[in-house]
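Here the structure comes first, spelled out in structure tokens, and everything after it is commentary.
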């Protein structure tokens, strides 16, 4: 079995050099709506405007702080940049049915999806939450950030503005 | 098997290149890794002696994933290293190597994965493979996974393979082979007449079977094929929704259920009502002899779980209320729980300028009402049908009860707080020692206050105060934590957990920690120094025991 591993490893590392690292589309993975209906991540879109993709869970304190904080300024952000926030919950069956009541109870206006077995999380290389990605109008990942502290949202909206204006992110 | 895997691998890569012209600019490589390291030192004040350390001065757990994508094809590899494993992790992980590799083709209607894969059927009552790094939990499947979408609203999945058991290769039937199918049907997509209906209906069903050789040295004739099935439904209309899943398993004598020949059952129900500003959820669960693993009697370590029994209890996020977490008792439990979220609108008398968020939570879990089977005087005698139990009757023994409240309030633009209270009853013998008739109770009252003050738009000071009062176990605890953050990159924390009024000792203990963390884009580095108290760490319903320790902690995590 070890030989298979080693061959695979070499093949993959060889392929790595043929890669354009700038190009970073969302992987197409099955996720669920908050009602448990299946859909593909390729259906996530925002009419050519930027998207904030945020991985969170009902048991993650800093995630909830981040989403609460952004919610207070969300309308302003939307009016200014056309950005949409897509919140992907990685809650498993233990708590996934409480995602929608919690989102409504907190009065969040985000588009919320479920990733109950972490398929999307794994495909995006998320180790810890909160982990936030910024997607440009073409749906490509242009920036990401992990962890949240008060004021982190200022950096995020600055990046969103650049993306909305078609500027480079750096 | 190994040459089959190799052939398939080449076939896949060949197909990948054969797709018209290979365009390297469309290929993507992504990866992520994490390193957790810890040093261990003698600390007599908290009772850590040279004997406890036993020569182990440090531990390191690390992993790295590489994923390659080209069009509809992807391939991935996961390397793990435990040199040696951190204390509190299963020491059988010691070593390093490729823990995981796969190849995958995903088209619109057809998807196939060969190698390692993770998936779950329904809520996971009969099948769930997943991985939780912080717990050292990984029951990944190794084999073939197929997903079909023959029509809108229909998803059919098939799985076949064996499960990960530390670093042990599958050989000579040293564990079971797991196979299963799952069908998910969304009636609103399937039938034209229901397309615009306000009532949304989803149905699903699964069948999972494990093949494991009989043990010739066993006293019993053990079933080699253990079949289980589950049926589920989800119904939604307007603000209401209802979800149910029922699962059944044929007799499956194993070391967890004391080799009884009883069939198993599991039921999970949940109902929600929600509108803007309000969310209500009620759940009920009954588990009856439903441990389902791919090794009926592992000689070492824990057997890989085939299924997942979601705990009904609330997952506390603050340190002290989370000190006594609940874990599902697969041999039998019954419980109910309810949670309400309510947002008092802003600019009202109670809501204040920014609104106030409230939530309340209750859960109660008991054992089953078990009585001996005919001809026996006791329950759970190996080789018998074990016990009889009334489906609707709660047993006399309480396992867990939790009543909690929480309030979140933003006072003005610079100051906000979260306050909460938890009243907990926790059956220690049942939950920690798996003594089903356990009576040793632990009761606690815990309060916390989490305040954040913004010094300027990017600098904030956070103060957490927690207090837990109890007459049992290690007695009272108080916790104070100060965190200073400079967004978006820096965190500085100082924390002390103070243990006093310990019924078994006159000593008091301080568990202090100092920490710094730096986060830049998708990379985070954190270093801390101090003491870690003994405890249980749980994520998503699986727990591990963390022993007391003293020393440095380092975590580096990154993705690209």
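Every read-out reported here was derived from the displayed coordinates using simple, explicitly stated rules and does not represent laboratory data. Treat the numbers as computed from the prediction; the structure is a model and nothing was measured. Please note: Cβ atoms are built from the backbone with ideal geometry, for glycine as well, and neighbour counts cover all protein chains shown.
Any chance you could list P(r) for the stretch A:29-164, counting all Cα-Cα pairs in 5 angstrom bins from zero, rounded to whole %? Each 5 Å bin holds this share of Cα pairs: 2, 10, 22, 25, 22, 14, 4, 0. The residues B:428, A:128, when put in order of fewest to most other Cβ atoms within 10 Å, stand as B:428, A:128. For chain B, the equivalent ellipsoid built from the Cα gyration tensor has semi-axes of 38, 32, 30 Å, listed from largest to smallest. Helix A:152-164 axis versus longest C-alpha principal axis of chain A: approximately 80°, rounded to the nearest ten.
If R0 equals 41 Å, the separation of the Cβ atoms of residue B:456 and residue B:423 corresponds to a calculated FRET efficiency of about 0.60. Working from label points 7 Å from Cα in the Cα-to-Cβ sense, the residue B:240 to residue B:480 distance is 5.2 nm. Please state the relative contact order of the stretch A:29-164 as a whole percent: Cα pairs under 8 Å, 6+ residues apart? Relative CO of the stretch A:29-164 lands at 33 percent. Label positions at residue B:525 and residue A:72, each projected 7 Å from the Cα along the C-beta direction, are separated by 3.2 nm.
Per-residue mean of foreign Cβ neighbours for A:52-60 is 2 (Cβ atoms of other chains, 10 Å radius).
Peptide B:330-343 is shielded by partner chain Cβ atoms: per residue, an average of 2 of them sit within 10 Å of its Cβ. For the residues of B:184-194, the average number of beta carbons from a partner chain within 10 Å of their own beta carbon is 1. Shape call for the protein assembly as shown from the C-alpha gyration tensor, a ≥ b ≥ c root eigenvalues: rounded (a/c under 1.5), prolate (a/b greater than b/c) or oblate? Because its axes are fairly even, with a/c under 1.5, the protein assembly as shown counts as rounded. Measuring nothing but how far apart in sequence close Cα pairs (under 8 Å, 6+ apart) lie, relative to its length, chain B scores a relative contact order of 10 percent.
Past the 20 angstrom mark, what percentage of all C-alpha to C-alpha distances in the stretch B:366-441 do you count? Above the 20 Å cut-off, the stretch B:366-441 has 55 percent of its Cα pairs. Residues within the reach of a label modelled at residue B:203 (point 7 angstrom out along Cα to beta-carbon, backbone nitrogen below 20 Å), restricted to the stretch B:214-236, are B:229-236. Overall shape: prolate for the stretch B:111-176, with the ratio a/c of the largest to smallest alpha carbon gyration tensor axis at 1.5 or above and a/b above b/c. For helix A:61-81, what angle does its Cα long axis make with the longest principal axis of chain A, in degrees from 0 to 90 and rounded to 10? Orientation of helix A:61-81: about 70 degrees from the principal axis. Note on residue B:560 and residue B:251: their simple-model spin labels are 5.8 nm apart, each label 7 Å out from Cα toward Cβ.
Rounded if a/c is under 1.5, else prolate if a/b is larger than b/c, else oblate: which is the stretch B:408-560, with a ≥ b ≥ c the root eigenvalues of its Cα gyration tensor? Here the stretch B:408-560 falls in the prolate category. Between the beta carbons of residue B:148 and residue B:194, assuming R0 = 22 Å, the FRET efficiency works out to 0.50 to the nearest 0.05. Compared with the dominant principal axis of the Cα atoms in chain A, helix A:2-16 is inclined by about 60°. Where does each of B:421, B:248, B:400 land when they are ranked from fewest to most other beta-carbon atoms within 10 angstrom? Starting with the residue having the fewest Cβ neighbours, the order is B:421, B:248, B:400. When each of the peptides B:59-72, B:369-382, B:212-225 is scored by the mean number of other C-beta atoms lying within 10 Å of its residues, the order from highest to lowest reads B:59-72, B:369-382, B:212-225.
Averaging Cα coordinates gives a centre for the stretch A:67-100 and one for the stretch B:149-218; these two points are 31 Å apart. Residues of the stretch A:147-162 with an amide N closer than 16 Å to a point placed 7 Å from the Cα of residue A:80 along the Cα-to-Cβ direction: A:151-162. Could you give the distance between the Cα centres of the stretch B:500-538 and the stretch A:118-148, to the whole Å? Comparing the Cα centres of the stretch B:500-538 and the stretch A:118-148, I get a distance of 28 Å. Working ranking of peptides A:89-100, B:311-322, B:549-560 by packing, defined as the average number of other Cβ atoms within 10 Å per residue, highest first, is A:89-100, B:311-322, B:549-560.
Between the stretch B:287-345 and the stretch B:380-422, the alpha-carbon centres lie 10 Å apart. For residue B:396 and residue A:38, a Förster radius of 35 Å and the Cβ-Cβ distance give a FRET efficiency of 0.25, rounded to the nearest 0.05.
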